[in-house]
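Report on one structure; see the data block that follows.
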Amino acid sequence: MSEASDASSAPEPGWRPFTVPNLISLARLCCLPWFVWLVFGAEDRWAAALLLGALGATDWVDGWVARRFDQVSELGKILDPTADRLLLLVALVVMIADGSLPLWIAVLALFREGVVAVAALVLGALGARKIDVTWWGKTGTFLMMFAVPCFLASHSDIGVAEAFGVAAWVFVATGLPIHYWSAVGYIPQAFDAVREGRAGSTSG
């Protein structure tokens, strides 16, 4: 049997909800209320920045565990990017209210996320297959997830706040363009996904 036949006959990952990567993604989501409380309840921007930075740094962990220990699942393919998007959205909204993030950066980031979310709904309505997150998409999100806590830390009372401010602008200068470039890169994939989704439903 050829390698192509082996690949085509390989079983689908399935939903497999009870996997370590999915638990990691859920744990990251469960930290969101803690982050909000640190900013508004404890008024500790430095601790909130550390937590948000840790959540951004562990973005790759669930994906690595899934690939390394053969725990890839269809649920994980949805849960992981959803966790990334919610973390970024909540952080942006909180920091707009807190005044620690320039409004134009938040607006650009939120606009991109809104367009992607609406596009995903439209593609789903058209019967498209699910589009996997690209390397550029993950990289853009990763950089933005570091820019945001750096802005937060730059408005804290720690001695190196100014250095975090410089780092924040470096991450934004690289992360925001990549964030938008990755969104453009999904366009040809979207057309392919619609064609393949409709072909699959027709053949089924």
For this session: State which residue pairs qualify: first residue farther than 13 Å from T82 by Cα and inside segment 13-27, second residue of a type in the set (A, V, I, L, M) and in a loop (DSSP other than H, G, I, E, B) in any location, beta carbons under 6 Å apart, and separation of 6 or more residues or different chains.
Result: P13/V72
Exercise. From the residues in segment 125-141 that are farther than 18 Å from R85 by Cα and of a type in the set (G, A, S), which one is most open to solvent (accessible area, probe 1.4 Å)?
Worked result: A125
For this session: Mind checking which helices (runs of 4 or more DSSP H) fall wholly inside segment 54-135 and carry at least 1 residues that are without any contact (Cβ under 8 Å) to a residue 12 or more places away in the chain and under 16 Å from V20 (Cβ atoms)?
Result: 59-68
Exercise. Can you tell which of G63, G56 is among the small types (G, A, S), surrounded by fewer than 22 Cβ atoms within 10 Å (Cβ to Cβ) and in contact with a helix residue (DSSP H, G or I) (Cβ under 8 Å, 6 or more places away or on another chain)?
Worked result: G63
Problem set entry | Single unsatisfied condition, I158 versus (1) in contact (Cβ under 8 Å) with a residue 60 or more places away in the chain; (2) buried (at least 16 other Cβ atoms within 10 Å of the Cβ); (3) within 29 Å of D44 (Cβ to Cβ) | (2)
Exercise. Looking at V90, is it of a type outside the set (F, W, Y) and within 16 Å of A54 (Cα to Cα)?
Worked result: yes
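The values are calculated or read from the model by the stated rules, or taken from the named source; none is laboratory data. Being a predicted model, the structure only gives us computed values, none of them experimental. All Cβ positions, even for glycine, are placed from backbone atoms using ideal geometry, and neighbour counts span all protein chains on display. Please note that ligands, DNA and RNA were not included when accessible areas were found on the heavy atoms of the full protein model with its side chains. Shrake-Rupley method; radii C 1.70, N 1.55, O 1.52, S 1.80 Å.
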